[in-house]
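This report concerns only the one structure given below.
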Amino acid sequence: MYEVTIEQSGDFRSFIKSVVVVANGTQLKDGATGESLASPVILSDEELAVEKVTLSTTGKAIEFAVSGGVVDGEDGVVNEPMQWVVTVYKNGKEIEKKSLVFRDGKEISTDDLNLYYN
């Protein structure tokens, strides 16, 4: 059983964000609504408009992966930095915690966040 929590702070509403969570072998559950979601789950700017997002597997996952990227929203506006703190749990135990800071002017590159477990 896996769970991932993405906590956002700073000026996160001024950036364009995307996160993909894959759980092979089981479905995912939204921590806020309890809704079951088919894997993979793609979180776009709309779903990432809140400070904290939690997704967990509903059963045993063969593989679990979290990847994501952030891009500056508007070229002409200077935004304050934003931060992600991504925490991954396996069977209730924290197995990884990663902190990423994104600054104004950030352009599209390879995924900034790429975590994989099996």
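The values are calculated or read from the model by the stated rules, or taken from the named source; none is laboratory data. Everything numeric in this text was worked out from a predicted model, so none of it was measured. Calculation scope for accessible area: heavy atoms of the full protein, side chains included, ligands and nucleic acids excluded. Shrake-Rupley method; radii C 1.70, N 1.55, O 1.52, S 1.80 Å.
Can you give me the Rg/Rh ratio for segment 34-75, using Cα atoms for both radii and the Kirkwood formula for Rh?
Working: Rg = 12.9 Å, Rh = 12.7 Å.
Rounded to two decimals, Rg/Rh equals 1.01.
For the chain, relative contact order (Cα pairs under 8 Å, six or more residues apart, normalised by length) works out to 35 percent. When the P(r) is computed for the chain, the part past 20 Å accounts for 39% of the Cα-Cα pairs. Taking a straight Cα-Cα cut-off under 20 Å and skipping sequence neighbours fewer than 8 places away in the same chain, the aspartates and glutamates within cross-link reach of Lys97 are Glu3, Glu7, Asp30, Glu51, Glu63, Asp111, Asp112. Accessible surface calculations at 1.4 Å, restricted to protein heavy atoms, place segment 1-109 at 55 Å² per residue. Taking the accessible area of the chain, probe 1.4 Å, and keeping the other protein chains in place, the carbon and sulfur fraction comes to 48%.
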